[in-house]
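Inspection log for the structure reproduced underneath, given as structure tokens.
The values are calculated or read from the model by the stated rules, or taken from the named source; none is laboratory data. This one's a predicted model, so the numbers in the text were calculated from it and none came from an experiment. For neighbour counting, all protein chains shown are included, and Cβ atoms are generated from backbone atoms with ideal geometry for every residue, glycine included.
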Number of protein chains: 2
Amino acid sequence: MFKYRSPRLSEVRLQDGFLFPRQRTNGKVTIPSAVRQCRDTGRIDAFRLQWRPGMAKQPHIYWDSDFAKVLEGMALQLLVEPNAGLAAELDEYVDLVISAQQPDGFLNTYFIQVEPEKRWKKLITDHELYCAGHLMEAAVAHFQATGQRKFLDCLCRYADYIATVFGPEPHQKKGCPGHEEIELALCKLYDVTGEKRYLDLAEFFVNSRGQTPNYFQTEEGVAEDYLPVVQAQRPVHEQRTAEGHAVRAVYLYCAMADLSARTGDAVLLTRCEEIWKNITEKRMYLTGGIGSTPMNERFTCDYHLPHDGYAESCASIGLLFFTRRMMNLTGKACYADVLEQILYNGALSGISLEGDRFFYVNRLETGVDTWEHGVTYARERRPWFSCSCCPTSFCRFLPQLASFCWSYGQSELRLEIPAAGQATFRNCQVEVQSQYPYDGHIRIVFHGQEPFTFSCRIPGWCRNASVSLNGQDLSSLQRQNGCLTWKRLWQDGDVVELSLAMPVEIVRADLRVSACRGRVAIRRGPLVYAVEGLDNAADPGSLLLDPESAWQFEAVEGLPEGTLGLRGKGWKESLPDDCGLYFSATPQFEAVSILAVPYALWQNRGDSRMSVWLRNGKGC
Amino acid sequence: MFKYRSPRLSEVRLQDGFLFPRQRTNGKVTIPSAVRQCRDTGRIDAFRLQWRPGMAKQPHIYWDSDFAKVLEGMALQLLVEPNAGLAAELDEYVDLVISAQQPDGFLNTYFIQVEPEKRWKKLITDHELYCAGHLMEAAVAHFQATGQRKFLDCLCRYADYIATVFGPEPHQKKGCPGHEEIELALCKLYDVTGEKRYLDLAEFFVNSRGQTPNYFQTEEGVAEDYLPVVQAQRPVHEQRTAEGHAVRAVYLYCAMADLSARTGDAVLLTRCEEIWKNITEKRMYLTGGIGSTPMNERFTCDYHLPHDGYAESCASIGLLFFTRRMMNLTGKACYADVLEQILYNGALSGISLEGDRFFYVNRLETGVDTWEHGVTYARERRPWFSCSCCPTSFCRFLPQLASFCWSYGQSELRLEIPAAGQATFRNCQVEVQSQYPYDGHIRIVFHGQEPFTFSCRIPGWCRNASVSLNGQDLSSLQRQNGCLTWKRLWQDGDVVELSLAMPVEIVRADLRVSACRGRVAIRRGPLVYAVEGLDNAADPGSLLLDPESAWQFEAVEGLPEGTLGLRGKGWKESLPDDCGLYFSATPQFEAVSILAVPYALWQNRGDSRMSVWLRNGKGC
């Protein structure tokens, strides 16, 4: 059972300067741009089923998922802000997708048109179930946004067909997808339809993973050492560490959390807690990114977090989704801390402020020696990729931003992230006034009279918080689970004021993270800062930070109004010319000032080198 | 034209304590152990051609190359030290290999037995030409060691058959191997047979690489972005940087150097010089290792040299072979400096002192966060690998150690590396007495009377050298191309004494190498030092070196007599318990002494963490 639920998008809204502009830009720029890309590349026309061998724009195995995520984003965006034009466009595309469904319920533009004989033949690589899952999520969002059942019914037919192919009966396939996604989508389908067979199918897919004999080995000839890449090295009830392809992994863990909430499977919940701890305590970048190597875009081993690692946008967003589920399941403070860490850093870094360029990989450092293997790992954001999962993830992620700021309990409203905005709880509107994340002074105003418990999370990064209710100091109030909590009859005009001390902090990493040894990062409140070459006298690689530096706030030209840059002190290292690759000359150091900007906003003012981890100029 | 030649193995020998024991161990341990592995895994029986589908020990596409390299090693070892048992064993194996040759000349156990229909169908991956090349090298060595032509004739027949399949005629394939090797082997075949058709075939393979249309693309459907992995992104005459799979690359560059020497192709020589500069000035580890990522085991971009990179043993040895050719072609000092750097560090680190365990990857650091992806990237040396190119490379590399110490000119003998040993030049024996690489005092004694030019390389790392001839100080002698040179009638009993100052040096890397920023390494003479956990109070990852430390020599128990460890000063960093992955606590530092051992000898006394690059404890 979930202890909390995420708010419906109609219950909450944002008014802040950090998150809200991204959400607004999604409707204006990100979604239209993704639709245009889907149209130009053939992803939309693929659903017309008119492609024939030899023609251009041959559908690809993952194309349907891209367009499905855009459709889901359109539906969610409609829940945030009505838009008749967008609604009409969505309706048209939904009809197009429905029109491609086959008589047996199958719906996949690649396997209908390109390789019909290969349907369900190569689950390890072929993404049919992954695409089906994203179409289900889109259909659920469409139903929630419009109340229309046509798309939902279409995907229920598809799910019913899939349930004839896969399952425990002797004649059925015992396989599961090589790329998870359908499992969590089937849980959503169950939630909106109440049809237990969808939950059963989700459970079948999750539980058939990693069984002996292993379907991927016996039916598809997959080598044993590849099994962890797809989280199939052992049954999920025995998985305790995060393994393999990071996006696939967190999608699986989302489904495990969903299942445990709906079936009461306590072991699965324990595994989720263990895996989440393994990720966040040993396998996550400071920015909330995950994935330690481009080889299979995967988790590797504890503390292996190279500075030029592989923090894919989709993986950060997926970890945020998993973390949100764990918040809802447990209500524990640790989850909200990490959710905030991902949200304000490694997730939003993936999209440009203009909303139409994307990182596939969110690096923590770029230098001369940053290896760009093709477009995917490019140092600059790109409008689209041949494998374009990341841009389309933003379409559906950004409309949900407000929902991450609040948790709804049975008779409790909890403010998780005090970004300016508001939430409606029963008859009460709770308004948050703040300049968060740049300022720790928060004013929470209640409109309407209602008895309920109001909780306010004190972020884990905050060491000094004061709070008052209607001017009365309540700083000595006991915290429960990281929150200040009041149960009372809230009155129209009640004001809770919260003051979160937000000093600049110098952060170090566990010594076992070899890439970070001798380096420090700058953090203030929830924001991790980055040093860009264009703000500084030198490539960040030649800068050393004075960890005892005093800091000054500074407006940064070219970044949104209100953005606080941080100016501190350090040194610039230089070497005699022509030293060669390795040398015994002694470097020179010159005192310089260093300007840092929020990591989530880097690379929005032109290309230059960047570093999150600067060398500690004081040595030992 | 080569300006110098490598000495024949019968012309030189070693008596030192660093290289010679490896060579001796090769005959006693390394070769017998490799033969046993080849027998146990089926690599030898494969040549009996009795494998049938369904049987165990199915031949693999690269098996023949492994056994060929062992045979080459056996032959070369016989040139170093006569051994009747070894000679008889070699003869038996050579007969077995010859017996597997097909009537048309084809000789490949995989494509004869497992997939006969696939012969020459997939050059990009299938290694037929690579295996053929190693068999040719083995046959040439066998001929040189025994004077027998049977193996050589067999491989000439094979080469003649290959020349009917590949070539410029309309009916011939225009392809080249996905893994280079046959090109340099054909040059050797040309050298011993004088048959120009083998040189022509080598030239055909080298020059057909990267042409338009690209064979790999048009005939085998290889994606364009994969072409650099096999050095086929453009014609070799237009290649200026080292690209792709590091072993394949250096084997190609060896062949380019060989061709330019034999055909007078000056452009090819210029390309070799440019590529070699690109490698050694921008893409090589301090230890002489190459390859920056396990993804395709490849070169990536300039200065991308991660601390947990991919310095494969075969790649270091291959770079040494390429460098030796460049020494011979140009006689320039820069080449000998790098050859020595590879030889004393990243090449010999690949094999245990006992001679029967091997690194596939020669890391410069191992920590908790060292990712071990299966056996290949293991932190400890292993007796064998499923892809066992590295162990068998040592079998054929170690017998050649003495030959790297000398260069033979028309009327000039050049001492490149003053390891104790001797060379025969015409009627003169030149004996080197030294404790090199641990001591810079070298005594060179001439036995016999002979007029010739004697040159003595002053290593690039040496800033202060003095020299005398028969007691007369000649330190003011002009160096030519990094060498001191005397042209005279050498007399029996002449003595040249050389004193190379060999202080401990603190080495830094170019700031563009981000993994090394803020770190220093320890070098003395040609030796790079490493810090192992078992010699020190802490995991090397928590140590900081005092770059101004004084140093003391120290015998190291468990390492060969004469090994000099270096003891200096530094600090050990420690942190409060339970800081978490990222934290703002301040570390504590405690003064400690630090013991370093030669990198080539690490991991010979049990498993512990290791680091070549230590943090600089003085900051800026």
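Tell me whether the range B:548-568 contains one or more residues that are under 29 Å from B:Ala347 (Cβ atoms), at the interface with another protein chain (Cβ under 9 Å from one of its Cβ atoms) and either surrounded by 19 or more Cβ atoms within 10 Å (Cβ to Cβ) or modelled with pLDDT of 95 or more (or both).
no
For the structure I just gave you, tell me whether B:Arg262 is free of Cβ contacts under 8 Å to residues at least 60 places away in the same chain, in a helix (DSSP H, G or I), touching a Phe, Trp or Tyr at 6+ places or on another chain (Cβ under 9 Å) and of a type outside the set (A, V, I, L, M, F, W, C). Talk me through it step by step, then tell me what you get.
Values: free of Cβ contacts under 8 Å to residues at least 60 places away in the same chain: no; in a helix (DSSP H, G or I): yes; touching a Phe, Trp or Tyr at 6+ places or on another chain (Cβ under 9 Å): yes; of a type outside the set (A, V, I, L, M, F, W, C): yes.
When the stated conditions are applied, B:Arg262 does not pass them.
What pairs can you find where one residue is in the range B:135-161 and more than 12 Å from B:Phe106 (Cα to Cα) and not assigned by TED's automatic domain parsing to the domain that holds B:Cys389, the other is surrounded by fewer than 22 Cβ atoms within 10 Å (Cβ to Cβ) and at pLDDT below 95, and their Cβ atoms are less than 9 Å apart, with a gap of 6+ or different chains?
Filtered contacts from the range B:135-161: no entries.
Between A:Ala266, A:Ala311, which is in contact with a helix residue (DSSP H, G or I) (Cβ under 8 Å, 6 or more places away or on another chain), buried (at least 24 other Cβ atoms within 10 Å of the Cβ) and away from chain B (no Cβ under 13 Å)? Let's see the steps before the verdict.
Values: A:Ala266 fails: buried (at least 24 other Cβ atoms within 10 Å of the Cβ).
Unique residue meeting the criteria: A:Ala311.
Among the residues of the range A:81-122, which ones are more than 23 Å from A:Met55 (Cβ to Cβ) and either under 25 Å from the mean Cα position of the chain (by Cα) or aromatic (Phe, Trp, Tyr) (or both)?
A:Glu81, A:Pro82, A:Leu86, A:Leu90, A:Trp120 - these are the residues of the range A:81-122 that are more than 23 Å from A:Met55 (Cβ to Cβ) and either under 25 Å from the mean Cα position of the chain (by Cα) or aromatic (Phe, Trp, Tyr) (or both).
Please specify each residue of the range B:1-12 satisfying the condition of being more than 15 Å from B:Arg262 (Cα to Cα), within 20 Å of the chain's Cα centre (by Cα) and surrounded by fewer than 18 Cβ atoms within 10 Å (Cβ to Cβ).
B:Arg8
Hey, can you tell me all the residues within the range B:21-67 that are farther than 13 Å from B:Val97 by Cα and among the aliphatic types (A, V, I, L, M)?
B:Val29, B:Ile31, B:Ala34, B:Val35, B:Met55, B:Ala56, B:Ile61
Would you please name the residue that is nearest to the chain's Cα centre (by Cα), looking only at residues in the range A:204-240 that are closer than 14 Å to A:Arg271 by Cβ and in contact (Cβ under 8 Å) with a residue 40 or more places away in the chain?
Applying the filter and picking the extreme gives A:Gln231.
Can you find a residue that is modelled with pLDDT of 95 or more and more than 25 Å from B:Ala261 (Cβ to Cβ) anywhere in the range B:137-146?
The answer is yes, given that some residue of the range B:137-146 is modelled with pLDDT of 95 or more and more than 25 Å from B:Ala261 (Cβ to Cβ).
Out of the residues in the range A:478-528 that are within 27 Å of A:Gln449 (Cα to Cα), of a type in the set (A, V, I, L, M) and loosely packed, with under 15 Cβ neighbours inside 10 Å, state the one that is farthest from the other protein chains (Cβ to nearest Cβ).
Among those residues, the one meeting the criterion is A:Leu489.
Could you run through the range A:372-384 and say how many residues are under 27 Å from A:Val531 (Cβ atoms) and at pLDDT 90 or above?
The number of residues fulfilling the criteria is 4.
If we keep just the residues of the range A:111-124 that are in a helix (DSSP H, G or I), without any contact (Cβ under 8 Å) to a residue 60 or more places away in the chain and not basic (Lys, Arg), which is surrounded by the most Cβ atoms within 10 Å (Cβ to Cβ)?
Filtering the range A:111-124 for residues that are in a helix (DSSP H, G or I), without any contact (Cβ under 8 Å) to a residue 60 or more places away in the chain and not basic (Lys, Arg), the one surrounded by the most Cβ atoms within 10 Å (Cβ to Cβ) comes out as A:Phe111.
Condition first: hydrophobic (A, V, I, L, M, F, W, C), surrounded by fewer than 24 Cβ atoms within 10 Å (Cβ to Cβ), touching a Ser or Thr at 6+ places or on another chain (Cβ under 6 Å) and farther than 14 Å from B:Pro391 by Cβ. Can you find one or more residues in the range B:346-365 that meet it?
no
Which of (1) within 30 Å of A:Thr424 (Cα to Cα); (2) in contact with a Gly (Cβ under 8 Å, 6 or more places away or on another chain) is the odd one out, the single condition A:Ala34 does not satisfy?
Result: A:Ala34 passes all but (1).
Take the range A:276-296 and flag every residue that is touching a helix residue (DSSP H, G or I) at 6+ places or on another chain (Cβ under 6 Å) and buried (at least 21 other Cβ atoms within 10 Å of the Cβ).
Once the filter is applied, which keeps residues that are touching a helix residue (DSSP H, G or I) at 6+ places or on another chain (Cβ under 6 Å) and buried (at least 21 other Cβ atoms within 10 Å of the Cβ), the range A:276-296 yields A:Trp276, A:Thr280, A:Thr287, A:Gly288, A:Gly289, A:Ile290, A:Gly291.
Checking A:Ala242 against (1) within 14 Å of chain B (Cβ to nearest Cβ); (2) among the small types (Gly, Ala, Ser); (3) in contact with a Cys (Cβ under 9 Å, 6 or more places away or on another chain), only one condition comes out false. Which one?
In the conditions (1) within 14 Å of chain B (Cβ to nearest Cβ); (2) among the small types (Gly, Ala, Ser); (3) in contact with a Cys (Cβ under 9 Å, 6 or more places away or on another chain), A:Ala242 misses (3) alone.
Please state which one of B:Val612, B:Val531 is in contact (Cβ under 8 Å) with a residue 40 or more places away in the chain, within 13 Å of chain A (Cβ to nearest Cβ) and not polar (S, T, N, Q).
B:Val612
Given the criteria without any contact (Cβ under 8 Å) to a residue 24 or more places away in the chain and either more than 29 Å from B:Tyr335 (Cα to Cα) or touching a Cys at 6+ places or on another chain (Cβ under 9 Å) (or both), does B:Glu92 qualify?
Values: without any contact (Cβ under 8 Å) to a residue 24 or more places away in the chain: yes; either more than 29 Å from B:Tyr335 (Cα to Cα) or touching a Cys at 6+ places or on another chain (Cβ under 9 Å) (or both): yes.
Spelling it out, B:Glu92 is indeed without any contact (Cβ under 8 Å) to a residue 24 or more places away in the chain and either more than 29 Å from B:Tyr335 (Cα to Cα) or touching a Cys at 6+ places or on another chain (Cβ under 9 Å) (or both).
Among the numbered criteria (1) assigned to a strand (DSSP E or B); (2) more than 7 Å from chain A (Cβ to nearest Cβ); (3) among the β-branched types (Val, Ile, Thr), which single criterion is violated by B:Thr586?
(1)
What do you reckon, is B:Tyr226 surrounded by 24 or more Cβ atoms within 10 Å (Cβ to Cβ) and of a type in the set (Ser, Thr, Tyr)?
no
Exactly one condition in (1) part of a strand (DSSP E or B); (2) facing chain B (nearest Cβ under 8 Å); (3) closer than 29 Å to A:Ser313 by Cβ is not met by A:Trp571; state its number.
Failed condition: (3).
Would you mind stating whether B:Trp406 is in contact (Cβ under 8 Å) with a residue 24 or more places away in the chain and either basic (Lys, Arg) or within 14 Å of another protein chain (Cβ to nearest Cβ) (or both)?
So B:Trp406 does not fit the description; no.
Of everything in the range A:361-403, what is of a type outside the set (A, V, I, L, M, F, W, C), away from chain B (no Cβ under 14 Å) and in a loop (DSSP other than H, G, I, E, B)? Give them in sequence order.
A:Asn362, A:Glu380, A:Arg381, A:Pro383, A:Ser388
Give B:Phe205, B:Phe143, B:Phe151, B:Phe216 a once-over and let me know the one that is outside any loop (DSSP other than H, G, I, E, B) and in contact with a Cys (Cβ under 6 Å, 6 or more places away or on another chain). Can you show your working first?
Working: B:Phe143 fails: in contact with a Cys (Cβ under 6 Å, 6 or more places away or on another chain); B:Phe151 fails: in contact with a Cys (Cβ under 6 Å, 6 or more places away or on another chain); B:Phe216 fails: in contact with a Cys (Cβ under 6 Å, 6 or more places away or on another chain).
From the options B:Phe205, B:Phe143, B:Phe151, B:Phe216, the qualifying one is B:Phe205.
For the range B:589-609, how many residues meet the condition of being crowded, with 18+ Cβ neighbours inside 10 Å, assigned to a strand (DSSP E or B) and away from every other protein chain (no Cβ under 14 Å)?
4
So if I check each of B:Glu532, B:Glu450, B:Glu497, which one is at pLDDT 95 or above and under 30 Å from A:Gly518 (Cβ atoms)?
None of the other options fit; the residue is B:Glu532.
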